[in-house]
Amino acid sequence: MAKQAWEAEWMAFQQDMDALRAASEMSERVEIARQVARQIRDGDTVFINGSLLALDVLSYIPPNVHTRVVTNNGTIMTLPTYAHRTVLVTGGELVNHVLTGEEAVTSVRRQTADLAVLGCDAFDERFVYWSAREASVNEAMVENAKKTIVVAERQKRGQPRYNRKWSRFARAGRSMEIWTGENENEAR
């Protein structure tokens, strides 16, 4: 009986720890989204990629800040519409909730943005890693934005899985920063 009681206590402890981790990760995401939203100015055009964290940024833009959003994130169509926000969704092949392929790339290349907010699969000191399907769209966003902010939770620091395409952080004439839950932003 003592073993069963101990196992039950251990299971309850594990559940509590899982709940704390989930709450911590959620507060990390909220903090990242809030900080990035503060970078968006009235009249800005913003690229948002397929990342749900990048999309979260839109929730924290004040209503007095009018923005134009260009995105390949199909989830945006499930969000409320706002009078202060104009949304352009790229074309392309829908994979999960992300529009990919040449149509999406072409659509992004026709636009320019003040800011690109991009999530990633992983990052390290030299590279940011995106899924192979979305990498071309993300690269077009970086090329056509004045500034890029990569948003990532802390656990994404490190090497990606073997099947990911990578893209360099630094691009000539481009400003790119990584914002993590560690509240750092590293200019690259």
Per DSSP, the loop-located trypsin sites (Lys or Arg not before Pro) within segment 108-161 having at most 12 other beta carbons within 10 Å are ARG110, ARG126, ARG161
Counting only protein heavy atoms and leaving out ligands, DNA and RNA, the solvent-accessible surface of VAL87 at a 1.4 Å probe, in Å² to the nearest 10, equals 70 Å²
Of all GluC sites (Glu not before Pro) in segment 79-163, the ones in DSSP coil with at most 12 other Cβ atoms within 10 Å are GLU125
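The values are calculated or read from the model by the stated rules, or taken from the named source; none is laboratory data. Bear in mind that the values here come from a model prediction, so they are computed numbers and not experimental data. When we count neighbours, we look across all protein chains shown, and the Cβ atoms used for this are built from the backbone with ideal geometry, even at glycine. These area figures cover heavy atoms from the full protein model, side chains too; ligands, DNA and RNA do not enter into them. Shrake-Rupley method; radii C 1.70, N 1.55, O 1.52, S 1.80 Å.
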